[in-house]
Amino acid sequence: MGRKEMNRTANSRNDLLNGPVGTTLLRFSLPFMFSTLLQTLYTTIDTIIVGQYLGSSGLSAVSNGSQLVEVPNMILIGFSTAGQVLISQAVGANKKENVRQIVGSLFYLIMAVAVTVCCIYLMFYKVLLDILNTFCSMPRYAR
């Protein structure tokens with residue numbers, strides 16, 4: 001098999017424009033489905049363990065604390081999605097150097113936001129828990 005034929009075969013396997021869309025789409029979506037399944041499993045097991053060892057106060061603390069984590073998480077997922085669009089455009093235009101720059105910039109942006117949010121939460125967690133109106137026994141677990 002020649003080099004041209006190998007490239008054509010490799011490209012046709014990852015092509016959503018030609019060939020069977022259903023199986024190709026399923027193959028692309030399986031990692032995302034598996035990731036969601038693992039996240040759900042982790043949350044379920046975490047809830048069981050916290051409920052068994054810390055009771056209802058611990059579960060309430062985890063619930064309130066997770067609300068603080070969800071907002072920056074959703075913002076970072078938005079950045080990731082936008083970055084995926086830019087990466088796809090660069091790959092489609094065959095601009096490998098742009099792909100490297102976009103991936104690097106996206107990584108540093110997400111890390112900077114994550115570290116900043118972490119520092120803010122560490123400095124102001126008591127105020128944030130008060131804003132969430134946590135019960136007196138919960139802040140001990142929410143820390």
(message) Going residue by residue through region 32-48, is there one that turns out to be in a helix (DSSP H, G or I), more than 20 Å from the chain's Cα centre (by Cα) and of a type outside the set (Ser, Thr, Tyr)?
(response) yes
(request) Check off (1) of a type outside the set (Phe, Trp, Tyr); (2) at pLDDT 85 or above; (3) surrounded by 11 or more Cβ atoms within 10 Å (Cβ to Cβ) for Leu38 and give me the number that stays unchecked. (result) (3)
(message) Yes or no: region 9-21 includes at least one residue that is at pLDDT below 85 and in contact with a Gly (Cβ under 7 Å, 6 or more places away or on another chain).
(response) yes
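The values are calculated or read from the model by the stated rules, or taken from the named source; none is laboratory data. Keep in mind that what you see is a predicted model, and the values were worked out from it rather than measured. A quick note on method: Cβ atoms are made from the backbone with ideal geometry, for glycine too, and the neighbour counts reach across all protein chains shown.
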